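Accompanying notes for the structure given below.
The values are calculated or read from the model by the stated rules, or taken from the named source; none is laboratory data. Note that the structure is a prediction, hence the values are computed from the model and not measured. Cβ placement follows ideal geometry from the backbone for every residue including glycine, while neighbour counts extend to all protein chains displayed.
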Amino acid sequence: MVKCFTVHIKRGKIVNRARAQQIKDFVGLRWGNITPTDIDCFVDFQNRLFVIIEYKCGEAQMPRGQELALERLCDACEKAEIPTYLLAATHNHKVEEDIDCAQATVTNHYHKREWKECKEISVKEAIDKLRKKYLDNS
């Protein structure tokens, strides 16, 4: 049995690069047209605000199945009265480079069953605005 534990040195920092680079093969997980999807990033601000982020390179778009699954997740969280945002972000890093997730550009976001385009804003700036809107006024 392979032990897969890590020691947290710096929160958010990749500790085991080799493990982080392993590809997850979902080929055996299929039920008709239903297959798994992944979530690139999820931030839980003490059950008072959820932010889901999907990163794509360049002009790549989210596959419709993934988009639908993440929209449904947002809608379910909203039914529980937790403000939930899905951010679609883009970057242009080469495959051998680490992605600076904070500086990726948010192209659009989903909230309350609606997609809206975003002006030039980084993921970090977008989340800071959401925090100010939902958390700083309490």
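The table below gives the values:
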{"read-out": "Members of segment 100-125 that are farther than 19 Å from Glu67 by Cα, surrounded by 12 or more Cβ atoms within 10 Å (Cβ to Cβ) and over 13 Å from the mean Cα position of the chain (by Cα)", "value": "Asp100, Gln103, Ile121, Ser122, Glu125"}
{"read-out": "Residue within segment 82-96 that is touching a Gly at 6+ places or on another chain (Cβ under 8 Å), part of a loop (DSSP other than H, G, I, E, B), hydroxyl-bearing (Ser, Thr, Tyr) and in contact (Cβ under 8 Å) with a residue 24 or more places away in the chain present", "value": "no"}
{"read-out": "Residues that are modelled with pLDDT under 95 and in contact with a strand residue (DSSP E or B) (Cβ under 6 Å, 6 or more places away or on another chain), drawn from segment 111-126", "value": "Cys118"}
{"read-out": "Which listed residue is within 15 Å of Thr105 (Cα to Cα), more than 14 Å from the chain's Cα centre (by Cα) and either exposed (fewer than 15 other Cβ atoms within 10 Å of the Cβ) or at pLDDT 95 or above (or both), from Gly58, Gly65, Gly32", "value": "Gly58"}
{"read-out": "Enumeration of residues in segment 119-138 that are part of a helix (DSSP H, G or I) and hydrophobic (A, V, I, L, M, F, W, C)", "value": "Val123, Ala126, Ile127, Leu130"}
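Let's see how each residue does on (1) free of Cβ contacts under 8 Å to residues at least 24 places away in the same chain; (2) in a strand (DSSP E or B); (3) within 30 Å of Asp136 (Cα to Cα):
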position	(1), (2), (3)
Gln22	yes, no, no
Asn47	no, no, yes
Glu67	yes, no, yes
Ala76	yes, no, yes
